[in-house]
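Derivation of every value follows stated rules applied to the coordinates shown; laboratory data play no part. Since we're looking at a predicted model, the values are computed, not measured. Cβ placement follows ideal geometry from the backbone for every residue including glycine, while neighbour counts extend to all protein chains displayed.
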Amino acid sequence: MSNVVIVGGGAAGMAAAIAAAGIGHEVHLYEKNEKLGKKVYITGKGRCNVTNACDMETMLQNVVTNPRFLYSSFYGFTNQDIMDLLERNGCPLKTERGNRVFPVSDKSSDVISALSRQMRDLNVDVHLHSEVKDLLIEDGHCVGIRLKKNNTKVFADAVIVATGGMSYQATGSTGDGYDFAKECGHTVTELSPALVPFEAAEDDVRSLQGVSLRNIEAVIYDGKKELYREFGEMLFAHFGVSGPVLLSASSYVAKAIRKHPLKLVIDLKPALTEEQLDTRILRDFEGFLNKQFKNSLAHLLPSKMIPVVIARSGISPDKKVNEITKQERAALVSVLKRFQVTLTGLRDYKEAIITQGGISVKEINPTTMESKKVSGLYFAGEVLDLDAVTGGFNLQIAWSTGWAAGSHIEYC
Ligand SMILES: Cc1cc2nc3c(=O)[nH]c(=O)nc-3n(C[C@H](O)[C@H](O)[C@H](O)COP(=O)(O)OP(=O)(O)OC[C@H]3O[C@@H](n4cnc5c(N)ncnc54)[C@H](O)[C@@H]3O)c2cc1C
């Protein structure tokens with residue numbers, strides 16, 4: 001049996017604790033908050049999208065950064081394994097659209113309760129209100145931690161750091177693990193908020209605040225180079241653009257947008273070619289022949305978007321519909337098929353679902369999560385340079401890497 005210290009009682013820390021205690025180690029979990037899993041509590045809008053019930057190939061495809069590193073841990077503790085663990089501990093699950101798995105109760109607190117119950121049954125010693133200040137390293141070996149309170153030293157045979165990323169810092173994830181890692185010689189790759197909305201330059205875009213669009217295609221360009229293309233939903237906000245398609249996009253363009261603004265081109269009518277859209281507009285116009293242009297687009301666009309699209313088309317809003325020329329119609333079609341937005345940057349960590357970047361996985365053993373620089377030291381979860389899109393994949397990263405760390409602690 002070894003004496004194992006885990007830093008951080010989030011998703012990865014709890015999984016690590018269960019794995020390590022399950023194979024007979026003595027486990028002490030240190031969490032700075034007054035309770036476990038504060039971030040897990042707010043996941044999935046309070047419902048907790050626990051994992052994704054897809055196959056392994058799809059799981060890996062949804063990981064944005066360093067999917068190959070996850071091969072071993074994803075197979076070692078799968079989506080089915082976390083589902084079984086939760087259900088065994090009194091949290092029945094259901095699978096929704098897109099294979100997203102949630103508790104039947106729609107309560108994230110039931111996920112935390114199930115994990116807590118399992119930890120209790122395995123005699124994991126949970127220390128709340130216990131902020132870890134730094135790691136104790138001796139001759140390239142991690143021998144324990146120092147608590148902030150009274151600088152108390154706690155010695156251990158192995159330490160697992162599962163302190164999470166930098167987003168939603170009120171949940172306790174304030175990036176401490178990056179400092180711990182740097183202090184013992186690890187590389188931390190450039191950090192960025194991800195799964196986060198974009199800021200936009202144009203005033204007319206910001207005036208669309210509250211408008212949500214269902215079936216659009218979004219394409220993001222860096223100069224002429226296409227970086228991202230996806231169909232789906234988006235919404236406009238007082239600062240720029242958000243919604244599922246753009247949140248996912250942020251994970252793929254975070255690096256590029258740090259250097260300079262990017263161009264977002266929205267196809268508002270992706271199901272129609274330009275010709276089909278022109279025919280559709282002509283048909284709409286026939287129903288509004290003696291009306292002004294500004295009163296002719298109600299079937300095509302949400303009302304708040306109409307003045308913006310009209311202004312961009314260059315057609316006078318007061319012009320009679322039957323006076324609009326073919327050329328003017330072409331300009332309107334062009335705005336609808338290529339509604340351009342200048343993306344100037346990402347919103348802050350406060351609004352980001354995850355942190356992109358983290359401890360370089362080149363310096364971590366992918367099977368055991370042990371540091372290649374310091375023996376007896378393990379890292380798991382979002383603190384590592386790993387991230388995925390939405391759908392339950394980020395929590396699966398936390399469960400799998402936490403489990404890998406906990407289950408590979410050697411016996412002393
Ligand atoms: C709003 C929101 C919604 C999300 N929804 C989903 C979803 O539905 N599905 C999904 O898969 N992912 C979701 N995510 C992402 C997911 O929550 C994270 O990827 C996951 O929680 C990471 O787990 P972790 O254990 O690495 O870190 P965390 O869960 O952040 O846990 C880290 C823990 O370490 C503690 N800690 C930090 N520093 C110290 C220290 N010095 N001493 C002691 N303790 C410390 C923190 O207090 C915290 O409890 C969401 C994220 C957000 C912000």
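Any chance you could run the full-extension gain for K255 through K319? It's 0.36 nm times the residue separation minus the Cα-Cα distance, nm to one decimal.
18.6 nm
Using 7 Å Cα-to-Cβ label points, what is the Q61/R146 separation (nm, one decimal)?
Output for this residue pair reads 4.9 nm.
Taking each pair of distinct Cα atoms in the range 191-297 once, what is the resulting Kirkwood hydrodynamic radius in Å?
That comes to 15.4 Å for the range 191-297.
Would you please classify the overall shape of the range 368-412 from the alpha carbon gyration tensor, given that a ≥ b ≥ c denote the square roots of the eigenvalues, rounded means a/c under 1.5, and beyond that prolate means a/b larger than b/c while oblate covers the rest?
Note, shape of the range 368-412 comes out oblate.
At 0.36 nm per residue, minus the direct Cα-Cα distance, what do C412 and E226 gain on full extension? Give it in nm, one decimal, please.
61.6 nm
Per residue of the range 212-226, what does 6.51 cos²θ - 1.76 cosθ + 1.60 with θ = phi - 60° give for ³J(HN,Hα)? Whole Hz please, x for Gly and Pro, Karplus curve as stated.
10, 10, 8, 10, 10, 10, 10, 10, 10, 10, 10, x, 8, 7, 7
Counting every Cα pair in the range 299-353, what percent are over 17 Å apart?
It works out to 50 percent of all Cα pairs.
Report the relative contact order of the chain, percent, no decimals, based on alpha-carbon pairs under 8 angstrom and at least 6 residues apart.
26 percent
Here are some pairs, K224/K259; K149/K182; K107/K255; which of them have Cα atoms lying more than 27 Å apart in this structure?
Exceeds cut-off: K107/K255.
Grab the Cα-Cα distance for T342 and T273, subtract it from 0.36 nm times how many residues apart they are, and report the gain in nm with one decimal.
Extra length available between T342 and T273 comes to 22.4 nm.
Beyond 26 Å, what percent of the Cα pairs of the chain remain?
Value for the chain: 58 percent of Cα pairs lie more than 26 Å apart.
Can you tell me the order of 204-212, 236-244, 382-390 when each peptide is scored by its average per-residue count of other Cβ atoms within 10 angstrom, highest first?
382-390, 236-244, 204-212
What shape does the range 89-217 have by the C-alpha gyration tensor, where a ≥ b ≥ c are the square roots of the eigenvalues, rounded means a/c under 1.5, and otherwise prolate means a/b greater than b/c and oblate the rest?
oblate
Fewest Cβ neighbours within 10 Å first, please rank T163, T355, T401, T152 accordingly.
Arranged by neighbour count, lowest to highest, T163, T355, T401, T152 become T152, T355, T163, T401.
Sequence-distant or interchain residues sharing an amide H contact under 5 Å with G345, placed H: which?
Those lying under 5 Å, H to H, from G345 are E199.
Where does each of R47, R100, R258 land when they are ranked from fewest to most other beta-carbon atoms within 10 angstrom?
Fewest-to-most Cβ neighbours within 10 Å comes out as R258, R47, R100.
Would you list H127, H141 from fewest to most Cβ contacts within 10 Å?
Listing H127, H141 from fewest to most nearby Cβ atoms yields H141, H127.
Can you list the residues, at least 5 places off or on another chain, whose amide H is less than 5 Å from the amide H of K133, using H built in the peptide plane?
Placed amide hydrogens put R146, L147, K148 under 5 Å from K133.
Among I281, I18, I82, which one moves the most in a GNM of the chain with springs linking Cα atoms closer than 10 Å?
The residue with the greatest mean-square fluctuation here is I281.
Would you mind classifying the range 1-114 by shape? Square roots of the alpha carbon gyration tensor eigenvalues, ordered a ≥ b ≥ c; an a/c under 1.5 is rounded, otherwise it is prolate if a/b is larger than b/c and oblate if not.
oblate
For the chain, set up a Gaussian network in which alpha carbons nearer than 10 Å are linked by springs, and say which option among P366, P302, P270 fluctuates the most.
Top of the fluctuation ranking is P302.
Label R120 and K263 with points 7 Å out from Cα along Cα→Cβ: what is the distance between them in nm?
Here the answer is 5.9 nm between the modelled labels.
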